1. Which of D186, D282, D207 moves most in a GNM of the chain, Cα contacts under 10 Å?
2. Roll a 1.4 Å probe over the protein heavy atoms and report the accessible area of F108 in Å², nearest 10.
3. Please give the per residue accessible area of the stretch 227-269, computed with a probe of 1.4 Å over protein heavy atoms only, in Å².
4. Sort out for me the Cα centre separation of the stretch 198-218 from the stretch 110-155, rounded to whole Å.
5. Just subtract the alpha-carbon distance of R63 and R162 from 0.36 nm times their residue separation and send over the number in nm, one decimal.
6. So how do Y369, Y179 rank on accessible area, 1.4 Å probe, biggest first, that is with the largest at the start?
7. Between T316, M156, F61, whose Cα lies farthest towards the positive end of the dipole of the chain when Lys and Arg beta carbons carry +1 and Asp and Glu beta carbons carry -1, centred on the Cα centre?
8. Probe radius 1.4 Å, ligands and nucleic acids left out: which of R45, R233, R150 has the largest accessible area, and how do the rest follow?
Amino acid sequence: MQTRRAESVAAPTPQTSIPVVNSYTEWDPLEEVIVGRADNACVPRWHPVLHATMPRKHWDFFRQNGGQLFPAETRAAAERELDAFCRELEAQGVVVRRPEPVDWRETFSTPDFGPEAGLYGAMPRDLLLVVGDEIIEAPMAWRSRYFESRAYRPLMKHYFERGARWTMAPKPQLGEESYRPRADGDYDAQAGRSVITEFEPLFDAADFSRCGRDIFCQVTQVTNRFGIEWLRRHLGPDYTIHELDVRDPHAMHIDASFVPLAPGRVLLHPTRVPRLPAMFADWEILTPPAPTVPAAHPFYFSSPWLSLNVLSLDETRVIVEAAETPMIEFLRKHGFEPIPIPFRNFGSLGGAFHCATSDIRRHGTLQSYF
Ligand code: DAV
């Protein structure tokens, strides 16, 4: 069965009493979601941002294959997993929408850089930050992602026509001033050695995690303080953005380190977050088991901790990697209902269920959980 593709933008939205775009947390009951695509996924060209974030053992892969499509078997296997994931979401009652197919190999230049090729439409979480009824397109730090929003244009127009707010953060320039290449390769965003500078606002949406009125984020190799401040001022007094102390020198995206699952319950990477703010004193901290993915499995973009990159359908049901048996047992032991889906081939593109999606509508209202 083919999952819904571009033409599905015309599909009717079920009648609900809440706006078509409505999402304040990572756990309210999920009603509609965008799921990425793996076709045409392109290997990014070598650049200092990759040096700062990508696992060393894959540097040669990027150097040799930059600007070309990912191997056909990688893309096909990821597509098959995405299709099964979409079918499961639909079986669970969630409306699934997909971005457009784009030829990411097409090169482009701007007055500030180029020529450059694209990346993929696989990870809507990286690009689209949904806060309430607003979809914010992030000012991403990778040049290869400069035009990633093209894959989502029909969807953005679709949601706008139905009442959503649609915002693009200030488009960055991404010229030489935005990067600080280090000759010694010693990057560590938390220690002030990020590959990106404070020249202009930069962030990926996946560096933010939503818990109602409180939103948590980290400074990373793709998110700077200027970007965090832009979002803080943009969202205004209804929200408080908290910068977490995350110890991950190659940090890029918070959703394999700090993963709130329900009011008062957060899954936390065992070593990356040495302390949470005092406001978490009443929260249950869930420390997950280590991932079991074999070292030989090519996660080109990430650590093995994609096992934490789960997607909550509500406060109980959690979509989780089918091969991560200890994680499944762990969730069950803590009263969750894990829904196992095989997704490791997709993982080669740098994310799992949280990265591969962007919540469009969760049934809930703006609340404080602290
Ligand atoms: O552990 O490498 C992965 C986040 C996915 N975007 C990690 C973070």
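The values are calculated or read from the model by the stated rules, or taken from the named source; none is laboratory data. Note that this is a predicted model, so its numbers are computed, not measured. Ideal geometry is used to build each Cβ from the backbone, glycine not excepted, and the neighbour counts take in all protein chains shown. Keep in mind that these areas ignore ligands, DNA and RNA; they rest on the heavy atoms of the full protein, side chains included. Shrake-Rupley method; radii C 1.70, N 1.55, O 1.52, S 1.80 Å.
1. Of D186, D282, D207, the Gaussian network model singles out D282 as fluctuating most.
2. Answer for F108: close to 30 Å² accessible.
3. Numbers: 1560 Å² over 43 residues.
Spelled out: the 1.4 Å probe surface of the stretch 227-269, per residue, equals 36 Å².
4. 15 Å
5. Values: separation 99, 0.36 × 99 = 35.64 nm, distance 4.36 nm.
Going from the current span to full extension adds 31.3 nm.
6. On the way: Y369 45, Y179 20 Å².
Most to least solvent-accessible, the answer reads Y369, Y179.
7. Farthest towards the positive end: F61.
8. Working: R45 85, R233 180, R150 130 Å².
From most accessible down to least: R233, R150, R45.
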